[in-house]
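Working notes for the structure below.
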Amino acid sequence: MHNEYFREVGIKSNVRGYFLDHLIKGEEGGTLVYHDFIVKVIPDAIISMDPFLSSLMGLFPFRSCLLIMEPLSCYNWHTDPTRGAGVNMLVSAEGDPCLFKGEALSGNADKITVLDYKPDTYYVLNTQNDHMVVNARSIPRLTFSLEFFKDRNNKILSYSEINQGIYEIESSLMVSSRTPEKLTSVRNQIC
Ligand SMILES: [Fe+2]
């Protein structure tokens, strides 16, 4: 799915379970407070285990973390002050969606677009549109998130620029995943 607010990345994650086992249940990674969240910093060694993230790191270097959102809390409408767009994934087994504010209706009412995270799936988020998260559950909500180094130097990477780079990563990884055996099988079906 692709709209002006978010896009689903076509390459699935293979490190979500590792995040849970080694960063949340284990002792790996430091904890700090960042933009009103408690976060667990993700070591680069874990990033290198995931084909999509390691490719993204090569194109747009970043640092990443797990955001730990308190039970029964909300992060109000905002645009991100230090990044043009983000790449997120829900790490919890289940969790509430991210909401993007649309056109105003009447009074305090607005239209919304809902990003309901699929399992093991990365999304590019246009964080220059107003967005918010409500964790209406009585357990912490865990998400993977990142910050591009280029953004930190005030050279804001745009949603479209990041998407263009990710299109190229998807094409490259999808081609490399077609093994010679699979190609032979496809060729035999065509002939
Ligand atoms: Fe945000």
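A short reminder: the numbers here are calculations on the coordinates, not readings from a lab. The structure displayed is predicted, hence computed values, not measured ones. Reconstructed Cβ throughout: ideal geometry from the backbone, glycine too, with neighbour counts over all protein chains shown.
Quick rundown of the values:
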item: Label-to-label distance, nm, for residues given as ASN14 and ASN108 (7 Å Cα→Cβ offset); result: 4.8
item: Residue among CYS74, CYS98, CYS65 with the largest mean-square fluctuation in a Gaussian network model of the chain, springs linking Cα atoms under 10 Å; result: CYS74
item: Rounded, prolate or oblate (a/c below 1.5 giving rounded, otherwise prolate when a/b exceeds b/c) for the chain by Cα gyration tensor; result: prolate
item: Residue order, fewest to most surrounding Cβ atoms within 10 angstrom, among PHE37, PHE144; result: PHE37, PHE144
item: Choice from GLU161, GLU103, GLU147 showing the highest fluctuation, given a GNM over the chain with Cα pairs closer than 10 Å; result: GLU103
item: Exposure proxy order (Cβ contacts within 10 Å, fewest to most) of HIS131, HIS78, HIS22, HIS2; result: HIS2, HIS78, HIS22, HIS131
item: The stretch 19-129 - convex hull of alpha carbons, volume per residue in Å³; result: 126
item: Which of SER171, SER54, SER160, positive extreme of dipole for the chain (C-beta unit charges); result: SER171
item: Lys, Arg +1 and Asp, Glu -1 on Cβ, resulting dipole of the chain about Cα centre, debye, nearest 20; result: 340
item: Long-range amide H partners of TYR117 with built H, under 5 Å; result: CYS98
item: Nearest 10 degrees, 0 to 90: helix 180-190 Cα axis against the chain principal axis; result: 80
item: Order of MET132, MET89 - criterion: other Cβ atoms within 10 Å of each residue's Cβ, fewest first; result: MET132, MET89
item: Among ASN129, ASN108, ASN14: highest mean-square fluctuation, GNM of the chain, C-alpha pairs under 10 Å; result: ASN108
